[in-house]
Structure formats: structure tokens, C-alpha cells
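Notes follow once the structure below has been shown.
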């Protein structure tokens, strides 16, 4: 089974959670250095004077780095936090500003991060359900968002990013996605549903027994299905042409036709024609 691509779904979920603030600029990844060292963080730039009425976004400054760890990321540990902090300090230096925040969006199943941070002299307060502000980190504003703890009514998309999705939550999510107008928000929701379908196969297979849900899922998955259908059609056509040209080259070789002429008509390489000639096939 293909590996579930959680990060695109997370970026889509963040955009949907903050869709009421169209002035925000989202950058899915950024390069720390000129050669580039690419970091898998979401960057959200907020114009000066913009206020965000959102439990996560209210914390934002001018530049906001968001590090996401999927529920199946078993490499997340104390050193991952240090790395995220280091990247954030580097970002501050590169942009010559302290108007920067770091948000760590993690699963409840990860190690006991809050207690570990407390043991290192960094306290925390809970601003909202599942949303914590850290204290004691020099010059930086840092918050932690625990996806299984946040209010699913307020953060429907982020809270759904799990491989343990219940059927009720899956149904609500599909209904919400299906109810969106055919615009950018709908495309973002489709991307999330596609990832969750892969990560929660049993739940979504059961939902397909319901005709209404099956129809909604089919509509949401249509872009992905069409993409793979188009890819398959292209691969099949390429394979068919290759076989056709190979048969044509074989016949021309048997007739003693000039090699350059065969190449011109079949688009085969010297190596491919030579292999046919040597095998006599």
C-alpha cells in the first residue's frame, strides 16, 4: 500500500481552518539557505494590523512557522523540537525580525512533549482546548496544537487528520466537503478526504455501503480518479505505440532496410534496433 502523504492534507486543513482570513499568505515549504536546504514547514505570513479570530491564528505574528508531525511519524522526539526551534531562529536571522511564531501541530500519540519541556524549565498554559502556549523560550513565541484534543466543532479539518477516524467523524467530514461550493475550498477539502480515505480504508469502505455517502465520496474522489485514469491511458498508449514500432522495425530489418530509415520511422534507438537485429526477432 502506498505511503499516506499527510503533509499536503495538513497544509490544506490549515488553509480551510483560516479561510476567513484571505489576506494570509501560505508558503508550503521554504529554503533556509541559497543552496537550498528545504524545510518541510508551512509558513504563514500575516499582514500588519490583521486580527485573526481563531484559536490557533490569534497567536500569529507577522511570520509564522508551522511544523506538523503526522500521527504515524515515529521519528518525532525531543531532538525534533530542538530542530524546529533552530530553524525558527535561523528564519529570524535571515529575515532580521523577531515578529516570528512557531506552532508545533502534533498528535496526542507522540511522546509526552509538554512534560519534557517542563523538565527543561519551559512552562506552558492552555489557551484553548488542546492549544498550549509555551513560556521560557528566549525571544520566541511558541504554541503546541494537539490535533486529538482540539475542539472538533471549531477545527473540523485539523482534528480529522488521524488514522483512527471514527465513522461518525468521517461521515461529517465527507458531508462538509461535499457541501462546499466548487472553488478552492472544495479542492482543499477533496485533498484531505483523499488522504484520509487512504489512511482509514476500513471506515471508508464501510461508508460506501450507504448509497448517499458512496455518491458523495465518488464525487469528491472524481479528480483523483480522473488523474489516474489519464495517466493510465497515456501509459497504455505509449506501450501500444512501442509495441507497434517494434513490430514494424522487425519487419523492416528482415527486409534489409537501412538502419537510419528504420530509426526515422519507428523512433527506436540504435540499441533497441541492434537488440532486435541480434536476436532476429
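Nothing in this text is a laboratory measurement; each read-out follows from the coordinates by a stated rule. All of these numbers come straight from a predicted model, not from anything done at the bench. As a convention, Cβ positions derive from the backbone with ideal geometry for all residues, glycine included, and neighbour counts pool all protein chains shown.
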Quiz item: Does segment 47-162 classify as rounded, prolate or oblate by the C-alpha gyration tensor (a ≥ b ≥ c root eigenvalues; a/c under 1.5 gives rounded; else a/b over b/c gives prolate, otherwise oblate)?
Solution: oblate
Practice problem: Mind jotting down the distance between the C-alpha centroids of segment 153-176 and segment 38-85, whole Å? | Solution: 21
Self-check item: Label-to-label distance, nm, for residues given as residue 212 and residue 26 (7 Å Cα→Cβ offset)
Solution: 2.9
Quiz item: Which of 245, 204, 79 comes first, and how do the rest follow, when ranked by fewest Cβ neighbours within 10 Å?
Solution: 79, 245, 204
Quiz item: Length gain on complete extension for the stretch residue 74 to residue 202, per 0.36 nm per residue less the alpha carbon to alpha carbon distance?
Solution: 43.8 nm
Quiz item: Most mobile of 252, 41, 113 per a Gaussian network model of the chain (Cα springs, under 10 Å)?
Solution: 252
Quiz prompt | Cα-based helix-to-principal-axis angle, 184-199 vs the chain, degrees rounded to 10 | solution = 80
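Hey, what number do you get for the chain at 222 nm if only DSSP H runs of n ≥ 4 count, each worth -39500 (n - 2.57), divided across all residues, to the nearest 500? Each step should come with its number before you reach the end.
Values: 10 runs with 139 residues, N = 281.
Value at 222 nm, helices only, nearest 500: -16000 deg cm²/dmol.
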Exercise. Have a look at 146, 212, 106 and tell me which one the Gaussian network model of the chain (Cα, springs below 10 Å) gives the largest fluctuation.
Key: 212
Practice problem: Please give the helix 167-178 orientation as an angle from the longest Cα principal axis of the chain, in degrees from 0 to 90, rounded to the nearest 10. | Solution: 70
Quiz item: Among 163, 40, what is the fewest-to-most ranking by other Cβ atoms within 10 Å?
Solution: 40, 163
Quiz item: Using the Cα gyration tensor of the chain, with a ≥ b ≥ c the square roots of its eigenvalues, what is the shape: rounded (a/c below 1.5), prolate (a/b larger than b/c) or oblate (neither)?
Solution: prolate
Practice problem: Treating the angle as unsigned and between 0 and 90°, give the value, to the nearest 10°, between the Cα long axis of helix 270-279 and the longest Cα principal axis of the chain. | Solution: 50
Practice problem: Set the Förster distance to 45 Å, then compute FRET efficiency between residue 48 and residue 119 from the Cβ-Cβ distance, nearest 0.05. | Solution: 0.75
Quiz item: Measuring from label point to label point, each 7 Å out along Cα→Cβ, what is the residue 185 to residue 135 span in nm?
Solution: 3.8
Quiz item: Considering the chain as a Gaussian network with a 10 Å cut-off on Cα pairs, which listed residue, 94, 127, 247, attains the greatest mean-square fluctuation?
Solution: 247
